[in-house]
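J.: Before anything else, here's the structure in question.
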Amino acid sequence: MQRALVIDPGKCTGCKQCELACSYVKEGAFNPSKSRIRVFDFHQNARFVPYTCTQCDEAWCQQACPTNAITTDAFGVKNVNDNLCVGCKVCTIACPFGTVNYNVATGKVIKCDLCGGDPACASACPTDAIAYTDVEQAGFDKMQAWAQKTDAGALQA
Amino acid sequence: MAWMRKLLRVNLTTGNIVEEPLNMEWAQKYLGQRGLASKYLTEEIDPKVDPLSPDNKLIFCTGPLTGTSASTGGRYSVITKGALTGAIACSNSGGYFGPELKFAGYDMIIFEGKAEKPVYLTVIDDKVTLQDAGDLWGKSVWDTEAAIKSKHQDSMMHIASIGIAGENQVLYSCIVNDLHRAAGRSGVGAVMGSKNLKAVAVRGTGGVKVDDFMEFMKTTEAGKKVLADNAVTGEGLPTYGTQVLMNVINEAGALPTRNSRDVQFEGAHDISAEAMAEPSGKDGKPNLLANQGCFACTIACGRISKINEEHFTVVNKPEYWHASGGLEYEAAWALGAATGINDLDALTYANFICNEQGLDPISFGATLGAAMELWDLGILNSEITGGLELKFGSAEALTAAVEATGKAEGFGAELGMGSARLTAKYGKPELSQTVKGQEFPAYDPRGIQGMGLTYATSNRGACHLRSYTVSSEILGIPEKTDPLVTEGKAGLVKAFQDATAAVDSAGLCVFTTFAWTLEDIAPQVNAACEGEWTVDTMLEAGERIWNLERQFNNQAGFTAADDKLPERLMKDAAKTGPAEGLVSGLDVMLPEYYELRGWTADGVPTNETMARLRL
């Protein structure tokens, strides 16, 4: 089973517990600027939106990497091999979503690797805005909600 | 660990900026934030200094847990001698500014002196620079944040600034960060304005570490579970925000109404959390759009709201049609009940203006309530107010007054003095609902007796956040006490004051204490910090901090005679509700309190008390 982070911005309160968890796991310190997941505050629209790598099937970061430092594991996760990464940042340009970023402190790029199957951000989220679920069922909760909303029979009843 | 062990000292007169090691001996005695910065302030300034003179200092300080994943670990405080009160001021704020300062590598910034021209400080990791603020002066908080982010091409900066209220040294102007979180009370914004300091903009890329990570994760996870499982922090505050209290306190007969003439407001429901959630306006959306948590907060009591576009306050002002920080309970009370106004959209607008221009809505609303009583008595008239009709219940008056007060224009300049100075000017000082010059908040001491002692003895002037006995007296946390009696309240207030001082100094939010006791908090602090942090050492630190603040105020010229409540609360009985017929029993509680504190009958800590607390 392949799993993915499923993000529901409607539930996010902007507390950044995900950024704190991610940065501690990856950097050994509470440091949101190094978090692989980031929460954006669209204040005037009253929306907080967490965003991170979605582990593209055909990953442009991977295809652009000149040293083959980005590999795909059995679960579809794109991992950066620090021994091969030369810090050229081409992947940061290739990624359409901006979710691969350069870390000045190490000279390597950093991105979400789903923490090897137990993503710290999802565990840390207090409102279930970030869930880690089967990719093939990722939309089912939304479908269920819409199924109920659009059920003509119930609306007539 | 947890502390960054560094502070910045910025001399605005000379432009000199130095980095100093944090005094870790003091950190072990005063923890951080409120306690530690109070220690620095009291060591460095003359208590008799004019708050608005260059000799006063302005300290921004975080706590050891600020910037960590402990729930609510995102606070900072501004400590100075208060412009409104002349007492020690400590105003606490959330949002994201405090953690960012630690990510840049600093626990604290001490501002000294006064800049010749308007300036702002940028702290971009270890690059710390005073910048010209000539083009920012005159801008609102909202425009200032946008302008600084744009100028430095960094949308990730977190900024604390003053609006035009602080520039004009309105005596209850505040410092606002992240658009709508504020170090709100006692006029800390006026002190910043007096120093020609417009803003502090911070960006940090470093991290905060803790002493024992595994233990920290274990204790903070346990703490988060306690918050999630608690009825107030897990359900009431997330669902309704602090506004959950409006109907509760009104029913308890403790909602100060129309400058405390009444203790219940017939319009309470119209301005309550429940009303915020009801559909309104042409799009059918409610006033409340979303909940917001401050940094690391798993409670998320913050509200993001909007004003009905057809409402008279904004119908011709599309710039206010967006969402922003919405009403919390104290603001809704002050702007609404204290003035007798039940128009939710008008309150939301006034609250937006308070955030935008940097005004404390508690002191503003309560001062307006006092002015409305002066109007009602015929002492103020439209000749004096420049056409402002200050009738109780008038949303139009609220709207015009809040705009004029920020700008210090016309009668707004008089409203900006606060209710103590305003009522004294017009010969009715007894109408001011203040202690030590600061307007009291949303709990009437006739209906919640412990809050009378809380207000009277608060070191920063009347305040609910120094000992929130409402917890016990109304909500039954940690155990229910009778709000209408004075028995046991001296001990209750002292216990709450000491514990709260410790929580405020750790970097945590006091709202956690609806669910947490120090039994929950001390292990988190202990895992993060060097030293031995137990319930006992934290309580002792809290008591030490309380006495340090008291000592400063005594040296500043305050005496036991200042530990008193407005005449109305002592003489005019509550007219309705459960407290009908009651006045405040402060006279009974105060001597007992002094004794429990180890103070003389004149409210001065004895030598034994000072020695016991190693002061």
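The values are calculated or read from the model by the stated rules, or taken from the named source; none is laboratory data. Remember, it's a predicted structure, so these values are computed and weren't measured experimentally. Methodologically, a virtual Cβ is constructed for each residue, glycine included, from the backbone with ideal geometry; neighbour enumeration extends over all protein chains shown.
J.: Looking only at region B:476-506, filter to residues that are in contact with a helix residue (DSSP H, G or I) (Cβ under 6 Å, 6 or more places away or on another chain) and assigned to a loop (DSSP other than H, G, I, E, B); which one of those is nearest to B:LEU227 (Cα to Cα)?
T.: B:ILE477
J.: When B:TYR320 is evaluated against the numbered criteria (1) within 14 Å of another protein chain (Cβ to nearest Cβ); (2) surrounded by 21 or more Cβ atoms within 10 Å (Cβ to Cβ), which criterion, by number, is the only one it fails?
T.: Unmet for B:TYR320, out of (1) within 14 Å of another protein chain (Cβ to nearest Cβ); (2) surrounded by 21 or more Cβ atoms within 10 Å (Cβ to Cβ): (2).
J.: Within region B:553-561, is there a residue that is surrounded by fewer than 16 Cβ atoms within 10 Å (Cβ to Cβ) and either among the hydrophobic types (A, V, I, L, M, F, W, C) or over 27 Å from the mean Cα position of the chain (by Cα) (or both)?
T.: yes
J.: Let me ask another. Pull up region A:120-151, narrow it to residues that are surrounded by fewer than 17 Cβ atoms within 10 Å (Cβ to Cβ) and within 14 Å of chain B (Cβ to nearest Cβ), then point me to the one that is nearest to A:ALA21 (Cα to Cα).
T.: A:SER123
J.: Filter region B:442-475 down to residues that are of a type in the set (Ser, Thr, Tyr) and in a loop (DSSP other than H, G, I, E, B) and give me whichever is surrounded by the most Cβ atoms within 10 Å (Cβ to Cβ).
T.: Looking at residues that are of a type in the set (Ser, Thr, Tyr) and in a loop (DSSP other than H, G, I, E, B), I get B:TYR443.
J.: Are any residues in region B:147-169 part of a loop (DSSP other than H, G, I, E, B) and within 18 Å of the chain's Cα centre (by Cα), and if so, which ones?
T.: Within region B:147-169, B:ILE162, B:GLY163, B:GLN169 qualify.
J.: Here is a follow-up. Name the single residue, out of those in region B:173-208 being more than 20 Å from the chain's Cα centre (by Cα), within 14 Å of another protein chain (Cβ to nearest Cβ) and part of a loop (DSSP other than H, G, I, E, B), that is surrounded by the most Cβ atoms within 10 Å (Cβ to Cβ).
T.: My answer is B:GLY204.
J.: Which of the strands (runs of 3 or more DSSP E) found entirely inside region B:45-121 contain at least 2 residues meeting this: out of contact with any Phe, Trp or Tyr (no Cβ under 7 Å at 6 or more places or on another chain) and either of a type in the set (Ser, Thr, Tyr) or over 24 Å from A:PHE40 (Cβ atoms) (or both)?
T.: Fully inside region B:45-121 and qualifying: B:76-81, B:88-93, B:108-112.
J.: Right, here's the next one. State the number of residues belonging to region B:262-282 that are crowded, with 17+ Cβ neighbours inside 10 Å and not aliphatic (A, V, I, L, M).
T.: So the answer is 7.
J.: Hey, B:CYS301 hits all of (1) closer than 26 Å to B:TRP516 by Cα; (2) over 22 Å from the mean Cα position of the chain (by Cα) but one; which does it fall short on?
T.: Here B:CYS301 clears every test but (2).
J.: Considering each of B:GLY253, B:GLY241, B:GLY284, B:GLY302 in turn, give the residue that is closer than 28 Å to B:THR512 by Cα and more than 14 Å from every other protein chain (Cβ to nearest Cβ).
T.: B:GLY253
J.: If you don't mind, another one. Being crowded, with 18+ Cβ neighbours inside 10 Å and within 26 Å of B:ASP143 (Cβ to Cβ) is the requirement here; does B:ALA408 meet it?
T.: Yes.
J.: Let me ask something else. Please verify whether B:GLY369 is within 30 Å of B:ASP178 (Cβ to Cβ) and modelled with pLDDT under 95, treating the condition exactly as stated.
T.: So B:GLY369 does not fit the description; no.
J.: May I ask you to list the residues in region B:148-172 that are surrounded by fewer than 17 Cβ atoms within 10 Å (Cβ to Cβ) and either more than 14 Å from chain A (Cβ to nearest Cβ) or of a type in the set (D, E, K, R) (or both)?
T.: Hits for region B:148-172 are B:SER150, B:LYS151, B:HIS152, B:GLN153, B:ASP154.
J.: Quickly run through region A:46-65 and pick out the residues that are in contact with a helix residue (DSSP H, G or I) (Cβ under 9 Å, 6 or more places away or on another chain), facing chain B (nearest Cβ under 10 Å) and not aromatic (Phe, Trp, Tyr).
T.: Selection gives A:ARG47 alone.
J.: I'd like to verify a number: residues in region B:471-505 that are of a type in the set (Gly, Ala, Ser) and under 26 Å from B:ASN247 (Cα atoms), how many?
T.: So the count comes out to 3.
J.: A follow-up question, please. Under 16 Å from B:CYS463 (Cβ atoms) and not assigned by TED's automatic domain parsing to the domain that holds B:LEU22: which single residue out of B:GLY491, B:GLY542, B:GLY507, B:GLY557 fits that description?
T.: Sole residue among the options that is under 16 Å from B:CYS463 (Cβ atoms) and not assigned by TED's automatic domain parsing to the domain that holds B:LEU22: B:GLY542.
Here's the yes/no breakdown for (1) more than 24 Å from B:ARG185 (Cβ to Cβ); (2) buried (at least 24 other Cβ atoms within 10 Å of the Cβ); (3) within 14 Å of chain A (Cβ to nearest Cβ); (4) modelled with pLDDT of 95 or more:
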{"residue": "B:THR66", "(1), (2), (3), (4)": "no, yes, yes, yes"}
{"residue": "B:ALA70", "(1), (2), (3), (4)": "yes, yes, yes, yes"}
{"residue": "B:ARG75", "(1), (2), (3), (4)": "no, yes, yes, yes"}
{"residue": "B:ALA87", "(1), (2), (3), (4)": "no, yes, no, yes"}
{"residue": "B:GLY98", "(1), (2), (3), (4)": "no, yes, yes, yes"}
{"residue": "B:LEU101", "(1), (2), (3), (4)": "no, yes, yes, yes"}
{"residue": "B:ALA115", "(1), (2), (3), (4)": "yes, no, no, yes"}
{"residue": "B:THR122", "(1), (2), (3), (4)": "yes, no, no, yes"}
{"residue": "B:THR129", "(1), (2), (3), (4)": "yes, no, no, yes"}
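J.: State all residues of region A:7-45 that are outside any helix (DSSP H, G or I), more than 8 Å from every other protein chain (Cβ to nearest Cβ) and surrounded by fewer than 20 Cβ atoms within 10 Å (Cβ to Cβ); if no residue qualifies, say none.
T.: A:ASP8, A:ARG38, A:PHE40, A:ASP41, A:PHE42
J.: Give B:ALA401, B:ALA370, B:ALA397 a once-over and let me know the one that is over 22 Å from the mean Cα position of the chain (by Cα) and in contact (Cβ under 8 Å) with a residue 12 or more places away in the chain.
T.: B:ALA397
J.: Looking at (1) part of a helix (DSSP H, G or I); (2) surrounded by fewer than 24 Cβ atoms within 10 Å (Cβ to Cβ); (3) touching an Asp or Glu at 6+ places or on another chain (Cβ under 6 Å), find the lone condition where B:ASN342 falls short.
T.: B:ASN342 satisfies every listed condition except (1).
J.: A further question on this structure: Check whether at least one residue in region B:537-550 is more than 24 Å from the chain's Cα centre (by Cα), surrounded by fewer than 20 Cβ atoms within 10 Å (Cβ to Cβ) and at pLDDT 95 or above, and report yes or no.
T.: Looking for residues that are more than 24 Å from the chain's Cα centre (by Cα), surrounded by fewer than 20 Cβ atoms within 10 Å (Cβ to Cβ) and at pLDDT 95 or above, one finds at least one in region B:537-550, hence yes.
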